[in-house]
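Notes to accompany the following structure.
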Amino acid sequence: MAEEIRDEQDKKRMTEKTQQPTEESVQLFMGADAWQRLMRFEEMLRERYDLNREMKFPFGADYGWGFRYSHKKSLLLYVFFEEDGFCCTISINDKGAPQVEAMLGELLPEIQTLWINRYPCGTNGGWLHRSVVSDDELPDIVRLVGVKVKPKKR
């Protein structure tokens, strides 16, 4: 499968649109540690949502292949496969922006910076792209997803 290097992050992604990767090839590409981290993240989402996962190539070769996670019909986020990792892409609309601002001081510094430097969407919202490097980031990303789509009652 042909791969390309993304200049802005220097992260290799699965970018061959004509060949949908198998779960096994994704695991090999991401590596065991990153795959296990993704499975832990997915379990955290399953605890909060009626989770659906689909393999998608939604935004072209700059993003490549990834999983689209949704709750019923509501998009939660995309997770794009990276060599030795994965990138979470979340959109927060103007309605959710004040909620993120209110919790900002409780988030990890790198997640705070992610919000501050977001790609704008609407007046106050934005797109967040985070290449996850540790399990410590997962709860904060789940909290951001919770701003986008309210978790089901436990």
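The values are calculated or read from the model by the stated rules, or taken from the named source; none is laboratory data. No experiment lies behind these values; they were computed from the predicted model shown. Using ideal geometry, Cβ is built from the backbone for each residue, glycine included, and neighbour counts are taken over all protein chains shown. Note: accessible area is taken over every heavy atom of the protein model, side chains too, but ligands, DNA and RNA are not part of it. Shrake-Rupley method; radii C 1.70, N 1.55, O 1.52, S 1.80 Å.
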TODO: Please tell me if residue 56 is open to solvent by 50 Å² or more (accessible area, probe 1.4 Å), within 18 Å of residue 150 (Cα to Cα) and of a type in the set (Lys, Arg).
DONE: no
Task: region 67-92, residues that are open to solvent by 10 Å² or more (accessible area, probe 1.4 Å) and either touching a residue at least 40 places away in the same chain (Cβ under 8 Å) or not aromatic (Phe, Trp, Tyr) (or both) - done: 68, 71, 72, 73, 74, 75, 83, 84, 91
Open item on the list: Show the residue pairs meeting these rules: Cβ distance below 6 Å; 6+ apart or different chains; first residue within region 43-66 and touching a residue at least 12 places away in the same chain (Cβ under 8 Å) and in a loop (DSSP other than H, G, I, E, B); second residue open to solvent by less than 40 Å² (accessible area, probe 1.4 Å) and polar (S, T, N, Q).
Closed with: 61/15; 64/15
Task: Every pair of residues 6+ apart whose Cβ atoms lie under 7 Å, when the first sits in region 96-121 and is over 17 Å from residue 148 (Cα atoms) while the second is acidic (Asp, Glu) - done: 108/136; 108/137; 108/140
Open item on the list: Checking residue 116 against (1) closer than 19 Å to residue 13 by Cβ; (2) of a type in the set (A, V, I, L, M, F, W, C); (3) open to solvent by 20 Å² or more (accessible area, probe 1.4 Å), only one condition comes out false. Which one?
Closed with: (1)
TODO: Name the residue, out of 140, 94, 136, 84, that is among the charged types (D, E, K, R) and under 12 Å from the mean Cα position of the chain (by Cα).
DONE: 140
- [ ] State which residue is most open to solvent (accessible area, probe 1.4 Å) when the search covers only region 119-154 and only residues that are among the β-branched types (Val, Ile, Thr) and within 21 Å of residue 36 (Cα to Cα).
- [x] 133
